[in-house]
Amino acid sequence: MCFCGVGPIAISSTKIVKHVYAIDLNPQAVDYIEMNSVLNKLESKIEIYNMDGRRFINAMLTSDKVEPITHVIINLPNDAAEFLDAFRGIFRDRPKDKGLTFPMIHVYGFSKEMRTSVRLS
């Protein structure tokens, strides 16, 4: 699952994973990623949604009808961390015997620090 913009990370991700869910709230960005997926012949590997990230996180991670989501990429430089709370308790009401694995969440943003990478536990 990828917060996509015009799609550079979503398109690159198709080389690594079987299926990509790409979302953006901006309809113009969605138009561009749709064009980019066609130009790169990846329509069958990318599902594109024009919707709010929080709503999407809840809908996709609680649905039994979607392929398992192993990675989430939130590349909103100014406010990516603001979406992290949407994952809290996401599997709470799911049956324990489903063997659900919480996805690895990649958050990208700007920092004034010299440190280039921080690992949150």
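Which residues' amide hydrogens lie under 5 Å from the amide hydrogen of I48, considering only partners 5 or more residues apart or on another chain, with H built in the peptide plane?
A22
Amide H to amide H under 5 Å from H106: which residues, 5+ apart in sequence or cross-chain, H placed 1.01 Å off N in plane?
V72, I73, I74
Sum up the lysine pairs in the chain that clear both bars: alpha-carbon distance under 26 Å and a spacing of 8 or more or different chains.
Lysine pairs, 8 or more places apart or on different chains, close enough: 13.
Apply the Karplus curve 6.51 cos²θ - 1.76 cosθ + 1.60, θ = phi - 60°, to the phi angles in the range 47-57 and return the couplings in whole Hz, x for Gly and Pro.
For the range 47-57, the Karplus-derived couplings read 9, 10, 10, 9, 7, 5, x, 4, 5, 5, 4 Hz, x marking Gly and Pro.
Pick the calculated Rg and Dmax of the Cα atoms in Å for this structure from [x] 17.3, 58; [y] 17.0, 54; [z] 14.8, 44?
Comparing each candidate, only [z] matches the computed number.
Describe numerically, in nm with one decimal, the distance between label points set 7 Å from Cα along Cα→Cβ at A81 and at M35.
3.5
What does the extension gain come out to for S12 and H106, with contour length at 0.36 nm per residue minus their alpha carbon separation?
This chain segment gains 32.4 nm when fully extended.
Give me the accessible area per residue for the chain, probe 1.4 Å, as a whole number in Å². If you can, show how the numbers build up before the last one.
Numbers: 8580 Å² over 121 residues.
Heavy-atom SASA per residue in the chain reads 71 Å².
Give me a comma-separated list of calculated 3J(HN,Hα) values for the range 101-107, in order, Karplus coefficients 6.51, -1.76, 1.60 applied at θ = phi - 60°, integers in Hz, x for any Gly or Pro.
10, 5, x, 6, 10, 9, 10
Assigning unit charges at the beta carbon (Lys, Arg +1; Asp, Glu -1) and nothing else, what dipole magnitude in debye, to the nearest 20, does the chain show about its Cα centre?
Dipole size: approximately 480 debye.
Calculated from DSSP H runs of 4 or more alone, at -39500 (n - 2.57) each and per residue, what is the 222 nm mean residue ellipticity of the chain, nearest 500?
When only DSSP H runs of four or more count, the value is -6500 deg cm²/dmol.
The values are calculated or read from the model by the stated rules, or taken from the named source; none is laboratory data. Quantities reported herein were computed from a predicted structural model and do not represent experimental measurements. For neighbour counting, all protein chains shown are included, and Cβ atoms are generated from backbone atoms with ideal geometry for every residue, glycine included. Note: areas computed on protein heavy atoms with side chains; ligands, DNA, RNA excluded. Shrake-Rupley method; radii C 1.70, N 1.55, O 1.52, S 1.80 Å.
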